[in-house]
């Protein structure tokens, strides 16, 4: 704030009349912009604040006025076995899906960055397709596939579905990072006698590590929250979103607010970690300059 | 010469080694399902499921039965409103973050704050709007508490407006991300140059900042539009009787209605629409980039 006022002051001293007139309207614009930004942030945060607020409210119906502060909903959520099973299932699914994303995504990104092959553009489009396409399409397509092949729906099919739908994130991020990577370092490494794998491990990987970890964390959280694909591919075992979905339709208790609030806190921590790691080699370096 | 060829050969072997695994994976779990879905869209429905066939009846129904094409048009309309609302929210916010916030640390924090809602369970975000807008909900109880109304207002929830508000809320981060990336890349020198030449701030915005942010706007619209058009959860939660979206129809066909061929045909149509939108926006974006020089 002080920086802004000294600037205007300096400008005024240089050219008093004309500038004051000109600056008058930009401050109004600035204020209008600040208000618009504030409204937007409020819109984005109000529901989350409501969600967290009502997880501590003793009334089982989410309405004002607040009736009193309680931790019962948290206790209920944590002792609800089916809910905890669903959380565990989601953790399992997300972990395996992330492994798939990395194992498939990194080589795909490397191949797209390094080699020309017939149908490359089509291939690139196809790989990111499930990521931009409504999840529902991937879901029904894979459901048709699994039923035609005769695979029973289970957590495994969910894992494969998530792996397919989310690998695009790892591919895009790692690919973008590779494009900015100076290949001469790799050539130098090869010239100095390193084997291809050594070059990858000691030279290439440290440079894309941030993108890999960051996009994996994103994939993890997205998988943890995934509905449209899971909706069609899940068997008897519920993931957390599917469990919440089933309770919402029966009428929900603040128990769900409680578990939701816990997830928000964990996600935000994960997000900050991933931003921090991505900033390590990522696009934020430019931002700091 | 021979060493060069062996280098080329080594490269090719590397390419094959690197590609074969992922290619096989993508072929089996991605391409095959899409192909199967495409095939089923030509099948005929027959109890209990469907039989292999090659006929265009499923596509025919979609374009002749008003029950289906009205829903398709409605989905496109709602998706358009969602994108526009998300844009109106995102642009001032992003502009403020990029051009008005002086400290890069504060800017990054605020940016992350706009993205964080994306990491909150989608279902809970949609559901919270239900608890806000509902007749026993937060907004109504607030209005009654303050004394603005005596009876709960029922028109907040279960209509298309509620759907647009909810979905715009859910998908706004997808608008902010590309906008932020694009606005950040606009060289400040161009804006300063425009100012030095005596062009006012509004004209500078219209002639320089806005045109240069077109790629981000396009990308944002593409994301939000496609996501909104394919959503089937929000309509169930906050939409009313006339809020069925095309994705709901697909879900129903694969669920209770057990008409996979019709469901597949609709899914294929959605896929074609989405790919068309992506291709068009990609082309426009490239044209915009060329103009940049």
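Values in this text are rule-based calculations from the coordinates and carry no lab data. Note that this is a predicted model, so its numbers are computed, not measured. Counting neighbours? That spans all protein chains shown, and the Cβs are built from the backbone with ideal geometry, glycine included.
Once you average over the residues of B:109-120, how many Cβ atoms of partner chains fall within 10 Å of each Cβ?
Numbers: counts 0, 2, 3, 4, 4, 5, 3, 8, 7, 7, 14, 12.
Averaged over the peptide's residues, the number is 6.
For chain B, adding -39500 (n - 2.57) for each run of n ≥ 4 DSSP H residues and dividing by the number of residues yields -23000 deg cm²/dmol at 222 nm. Peptide packing for B:49-60, A:119-130, B:108-119 was compared via the average number of neighbouring C-beta atoms within 10 Å per residue; ordered from the highest value, the list is B:108-119, A:119-130, B:49-60. Taking other Cβ atoms within 10 Å as a rough exposure proxy, B:148, B:266, A:218 sort from fewest to most as B:148, A:218, B:266. In summary, the convex hull built on the alpha carbon positions of region B:52-152 has an orientation-averaged projected area of 12.6 nm².
Value of Rg to Rh for region B:3-84, rounded to two decimals, is 1.29; Kirkwood radius and Rg both from alpha-carbon coordinates.
How large is the convex hull of the Cα atoms of chain B per residue, expressed in Å³ as a whole number?
238
Here residue B:190 and residue B:51 are evaluated by their C-beta separation; at R0 = 60 Å the FRET efficiency comes out at 0.45.
So what is the relative contact order for chain B, in percent, with contacts set as C-alpha pairs under 8 Å and at least six apart?
That works out to 26 percent.
With the convex hull of its Cα atoms as the shape, the protein assembly as shown has an orientation-averaged projected area of 33.0 nm².
When the Cα centres of region A:228-272 and region B:159-177 are compared, how far apart do they sit, in Å? After rounding, the separation between the Cα centres reads 20 Å. Stokes-Einstein diffusion for region A:72-288, with the hydrodynamic radius set to the Kirkwood value over Cα pairs and evaluated at 25 °C in a medium of 0.890 mPa s, equals 129 µm²/s. The mean count of C-beta atoms from other chains within 10 Å of the C-beta of residues in B:272-285, rounded to a whole number, is 1. At what distance in angstrom do the alpha carbon centres of region B:188-266 and region B:42-91 lie from each other? One Cα centre to the other: 17 Å. Based on Cα atoms of region A:39-129, Rg over Rh with Rh as the Kirkwood radius reads 1.26. Under 37 °C and 0.692 mPa s, how fast does region B:182-293 diffuse according to Stokes-Einstein, given a Kirkwood radius computed over C-alpha pairs? Answer in µm²/s, whole number. The calculation lands on 192 µm²/s.
When the Cα atoms of region A:106-168 are aligned to their principal axes, the ranges along those axes come out at 38, 20, 18 Å in descending order.
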